[in-house]
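Working notes, beginning with the structure itself.
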Amino acid sequence: MERLDKLLASTGQWSRSQVKELVRQGRVRVDGIAAGKPEQKCDPAQTVAVDGVPVGLQKFVYVMMNKPAGWLSATEDKRQQTVLDLLDKPLQRRGLFPVGRLDKDTTGLLLLTDDGELAHRLLAPRSHVDKVYLARVDGRVNEEDAAAFRAGLVLDDGLECLPADLQPLEDGSRCLVTLREGKFHQVKRMLAFRGKPVLELKRLSMGPLGLDETLAPGQWRELSEREVEFLRTAVSERN
């Protein structure tokens with residue numbers, strides 16, 4: 001159960017002060033009954049309407065985006081565009097944030113949500129949630145590189161990387177990299193350490209959630225209930 005004003009404000013359509021005024025004017029109904037006060041408790045599953053129009057109440061929102069190159073994986077930046085600028089205004093006001101950051105020039109699957117607990121679990125190393133990337137490199141990756149990734153790397157700056165999977169593709173200029181952690185610029189740093197600097201990088205999946213290839217760069221959609229449940233199951237099984 002949540003406060004009515006909090007639930008309505010979380011949709012991004014009204015501020016709490018606006019909700020208070022809507023309730024005072026008798027314009028908000030819960031299951032057909034006029035709301036008595038903005039702080040009354042309400043279940044998101046209940047039917048809430050404003051001016052007779054049902055409002056979809058979601059405690060949390062989950063958005064899959066096909067992140068384009070050139071956009072920051074951040075909630076705000078005074079000088080550059082962020083991925084939140086690609087969302088509709090109501091979603092921008094909900095307080096969504098990226099679950100793990102992609103570099104400015106990295107593309108592909110980006111999950112945005114306001115569910116802090118699930119985000120933390122997805123990123124926690126102990127959850128062992130696989131993140132799969134498609135990389136194009138300057139050079140050719142080979143079995144020696146794959147073996148080094150499987151053994152775990154210690155980079156020149158002392159960064160210790162957990163064992164990871166590397167699968168060369170085609171002529172070796174492209175490869176799939178699977179990580180179970182997400183340190184700063186990790187894929188790029190690991191491949192550069194092996195003498196194969198990354199030219200292009202795209203995230204394909206996070207755990208059971210794969211990028212919807214029907215989404216063009218910059219497009220997004222909300223996750224289905226089934227997809228959200230897959231994510232929750234993936235982290236609960238490992239905690």
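The values are calculated or read from the model by the stated rules, or taken from the named source; none is laboratory data. These numbers were taken from a predicted model, which means no experiment stands behind them. Because the Cβ atoms are built from the backbone with ideal geometry, glycine has one as well, and the counts that use them run over all protein chains shown.
Residues in region 207-222 that are modelled with pLDDT of 95 or more and either buried (at least 19 other Cβ atoms within 10 Å of the Cβ) or assigned to a strand (DSSP E or B) (or both): LEU209, GLY210, LEU211, TRP220, ARG221.
If you go through region 40-73 and keep only what is surrounded by fewer than 20 Cβ atoms within 10 Å (Cβ to Cβ), over 20 Å from THR11 (Cα atoms) and in contact with a Pro (Cβ under 7 Å, 6 or more places away or on another chain), you end up with just PRO68. Within region 88-104, being closer than 22 Å to GLY182 by Cβ and either buried (at least 16 other Cβ atoms within 10 Å of the Cβ) or within 13 Å of the chain's Cα centre (by Cα) (or both) holds for GLY95, LEU96, PHE97, PRO98, VAL99, GLY100, ARG101, LEU102, ASP103.
Filter region 165-184 down to the residues that are farther than 18 Å from GLY139 by Cβ and of a type outside the set (Lys, Arg) and list them by number. Selection gives ASP165, THR178, LEU179, GLU181, GLY182, PHE184. The set of residues in region 5-34 that are at pLDDT 90 or above and not charged (D, E, K, R) comprises SER17, GLN18, VAL19, LEU22, VAL23, GLN25, GLY26, VAL28, VAL30, GLY32, ILE33, ALA34. Each residue in region 16-47 was checked for being within 13 Å of MET1 (Cβ to Cβ) and either assigned to a strand (DSSP E or B) or not charged (D, E, K, R) (or both), and 7 of them qualify.
With the condition kept exactly as written, say whether any residue in region 146-169 is at pLDDT 95 or above and among the charged types (D, E, K, R). Yes: region 146-169 contains one or more residues that are at pLDDT 95 or above and among the charged types (D, E, K, R).
When each of VAL129, VAL235 is tested for being outside any loop (DSSP other than H, G, I, E, B) and either surrounded by 15 or more Cβ atoms within 10 Å (Cβ to Cβ) or not assigned by TED's automatic domain parsing to the domain that holds GLY70 (or both), the lone residue that passes is VAL235.
For the residues ALA146, ALA124, the requirement of being over 20 Å from MET64 (Cα atoms) and out of contact with any Lys or Arg (no Cβ under 6 Å at 6 or more places or on another chain) singles out ALA146.
Note on region 48-87: residues that are of a type in the set (Val, Ile, Thr), under 27 Å from the mean Cα position of the chain (by Cα) and not in a loop (DSSP other than H, G, I, E, B) total 4. Evaluation of GLY95 against the conditions (1) at pLDDT 85 or above; (2) on the phi > 0 side of the Ramachandran plot shows that the sole unmet condition is (1). Annotation for region 176-186: at least one member residue is crowded, with 16+ Cβ neighbours inside 10 Å and free of Cβ contacts under 8 Å to residues at least 40 places away in the same chain. Restricted to region 140-171, and to residues that are surrounded by 13 or more Cβ atoms within 10 Å (Cβ to Cβ) and out of contact with any helix residue (DSSP H, G or I) (no Cβ under 9 Å at 6 or more places or on another chain), which residue is nearest to LEU199 (Cα to Cα)? Here the residue is ARG140.
Each residue in region 23-55 was checked for being under 21 Å from SER224 (Cα atoms) and out of contact with any strand residue (DSSP E or B) (no Cβ under 9 Å at 6 or more places or on another chain), and 1 pass.
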